[in-house]
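Mind having a look at this structure? Questions to follow.
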């Protein structure tokens, strides 16, 4: 659909317009030609035909300055590409699909003239800088293939389109008269807010009503994160973005033929994450999510261990450098961050791709390193046997669990048997509806609505109750009352379990229980035989 409109805008004999059409074709071709797309051969063939058809009639641009003014300046400003050499430009033309239309069209003299222009040695034509348009991740893929492939499987990529969030977003919009749409979307589809697509023109009522443009649908994506230039507050989407074609990041001396680059120290600080991973209720101010604050108050912050060390490296609970190249053709570096954003919500990781399987594997590994259970020695208190169970947070830089813990659950599943195999105590089982038994020891935050009812619809929070979670490098000892027991032998088995959404929570927002498969993940186990 793009091609006819672009074709209609061509002017006969206009070299720059012809080049523009060819760039459109190259971009489409670049988007559809990638592994796993055999069903798109007809579209590829059409693109190839159009590319060939538009090539012969193009007049050669007269010099590098004309190429800049007629083509490059549509997306770039001179300052963004300052210092790029003829060799940089030639390499970009050869390796980046979106620049492939310039192949064979620029002489060495043209390239040297472009180099001089970018170095400020030639005056450029006075013109207003182009308005920046955030790009979809397909524009990043040719140079950053690994990072894009990793990101696609993450909850960052699915932040706006994921089914559970969609149901909660719709319910929040309906119950707040759309007042909470921007509040939620600033972190789940920041470009949807920045571009004015949210709040919606009409309140969403059902799945599908929350559709946005392609770039906004990509959630927390490349061209959003890498245009963050600072923050105003460390909560509720308090980041600042600078809408210019300069990609910011943690690497020094980075250069790109496609966009400007800037080193930004914030990308190696937990504050980058804190702008969205702290959430307070916009009305009453009650803290709903405090992941950043939990880290800041922990020993990890004092030791200089930040979010990126655990969630963007293969070390998981520590920083593990991964040497490599940040981009195609870039220099070898001592460390290039993964873009897996490993975390506990592995129910959304796909088994269809190698990156999805790897994310699932590493996420499970991260969770199993996070906690430890210890079964202590029983004691008699007023004639009753009390068994201590210690749950320690040994690997998470925040509380366990964290995030929107009004919705998530971590709990102890416990079985105690005597020497005859009879069950003396059992708790933490799921009933036929998938809900926990009432006597289960649960680690979560409880919030209550105006009627005093515990709710997972946290936007209706009127008061906050019990916050029973395990702090970073901290522990909680639970005392299990086994009753009046005589001398004998006890067999104890304890499991620490987790799930990121509950059936009751789905029911609260009108979603079917089978909306997503909710795995119960075992984070830690312990067993012991005890003589009384």
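Restricting to the chain, what percent of DSSP beta bridges are antiparallel, rounded to 5? Please report the intermediate quantities before stating the final value.
On the way: 56 of 60 bridges.
If I count the DSSP bridges inside the chain, around 95 percent turn out antiparallel.
Per 0.36 nm of contour for each residue apart, how much would the distance between residue 205 and residue 95 grow if the chain were fully extended, relative to their Cα-Cα spacing? Spell out each step's value before the answer.
On the way: separation 110, 0.36 × 110 = 39.60 nm, distance 4.55 nm.
Extra length from residue 205 to residue 95 when fully extended: 35.1 nm.
Using only the Cα atoms of segment 319-394, what are the Rg and Dmax in Å?
Rg and Dmax of segment 319-394, Cα atoms, are 21.0, 73 Å.
Same structure again: Return the ratio Rg/(2.2 N^0.38 Å) for segment 134-190, where Rg is computed over Cα atoms only.
For segment 134-190, the normalised Cα radius of gyration is 1.39.
Now for a separate question. Along each of its three principal axes, how wide is the spread of alpha-carbon positions in segment 246-309, in whole angstrom units, largest first?
Its Cα atoms span 47, 32, 12 Å along the three principal axes.
Oh, and also: Give, in whole angstrom and from largest to smallest, the semi-axes √(5λ) of the equivalent ellipsoid of segment 98-242, with λ running over the eigenvalues of the Cα gyration tensor.
38, 18, 14
How far, in degrees from 0 to 90, does helix 15-32 lean away from the longest principal axis of the Cα atoms of the chain, to the nearest 10?
30
How do 232-242, 428-438, 339-349 rank on mean C-beta neighbours within 10 Å, highest first?
Ranking, from highest mean packing down: 339-349, 232-242, 428-438.
So what is the relative contact order of the chain, in percent, for Cα pairs below 8 Å that sit 6 or more residues apart? The partial results should precede the final answer.
Numbers: 968 pairs, mean separation 55.7, N = 532.
With pairs under 8 Å counted, the relative contact order is 10 percent.
What is the distance, in nm, between label points placed 7 Å from the Cα along the Cα-to-Cβ direction at residue 514 and at residue 429?
2.5
If you don't mind, another one. Note the direction-averaged projected area, equal to a quarter of the hull surface, for the Cα convex hull of the chain, in nm².
Quarter of the Cα hull surface area: 29.4 nm².
Right, next: State whether segment 174-312 is rounded, prolate or oblate according to the following rule on the C-alpha gyration tensor (a ≥ b ≥ c being the square roots of its eigenvalues): a/c under 1.5 gives rounded; otherwise a/b larger than b/c gives prolate, and the remaining case gives oblate.
Here segment 174-312 falls in the oblate category.
On a 0 to 90° scale, report how tilted helix 41-54 is relative to the longest principal axis of the chain, with both axes built from alpha carbons and the result rounded to the nearest 10.
Tilt of helix 41-54: around 30 degrees.
Further, regarding this structure: Past the 16 angstrom mark, what percentage of all C-alpha to C-alpha distances in segment 361-410 do you count?
57
Let me ask another. Tilt of helix 86-95 relative to the longest C-alpha principal axis of the chain, in degrees (0 to 90, nearest 10)?
For helix 86-95, the angle is close to 60 degrees.
Also, I was wondering about something else. Going by average Cβ neighbours within 10 Å, how do the peptides 494-501, 79-86, 417-424 rank, with the highest at the top?
The packing order, highest mean first, is 494-501, 79-86, 417-424.
Follow-up question, since we're still on this one. Can you give the log10 of the normalised intensity I(q)/I(0) at q = 0.17, 0.21, 0.24 Å⁻¹, computed with Debye over equal Cα scatterers of segment 444-532?
-0.98, -1.14, -1.24
Can you give the alpha-carbon Rg of segment 367-531 over 2.2 N^0.38 Å, where N counts its residues?
1.13
Under the definition of Cα pairs under 8 Å and six or more residues apart, what whole-number percent is the relative contact order of segment 367-531?
Details: 367 pairs, mean separation 49.7, N = 165.
Result for segment 367-531 is 30 percent.
Taking segment 342-385 as the region of interest, what is the percent of Cα-Cα pairs per 10 angstrom bin, listed from the shortest bin to the one with the maximum distance?
Percent of Cα pairs in each bin: 25, 29, 14, 14, 14, 4.
To the nearest 0.05, what FRET efficiency results for residue 82 and residue 175 with a Förster distance of 41 Å applied to their C-beta separation?
The formula returns an efficiency of 0.20 here.
Using every alpha carbon pair in segment 220-260, what percent of pairs falls into each 10 Å bin from 0 up to the bin containing the largest distance?
Using 10 Å bins, I get a P(r) of 27, 53, 17, 3 for segment 220-260.
Something else: For segment 163-233, what relative contact order do you get, as a whole percent, if you take Cα pairs closer than 8 Å and at least 6 residues apart? Walk me through the numbers on the way to the answer.
Details: 63 pairs, mean separation 22.4, N = 71.
In percent, rounded to a whole number, it is 32.
Could you work out the Rg to Rh ratio of segment 251-354, with Rh taken as the Kirkwood radius (inverse of the mean 1/r over all Cα pairs)?
Using Cα coordinates only, the ratio equals 1.03.
Sticking with this one: Per DSSP H run of at least 4 residues, take -39500 (n - 2.57); add these up for the chain, divide by its residues and hand me the 222 nm value, nearest 500 deg cm²/dmol.
So the helix-based figure for the chain works out to -8000 deg cm²/dmol.
Coordinate-derived values only; no laboratory data. The structure presented is a predicted model; accordingly, all values stated were derived computationally and were not measured. Methodologically, a virtual Cβ is constructed for each residue, glycine included, from the backbone with ideal geometry; neighbour enumeration extends over all protein chains shown.
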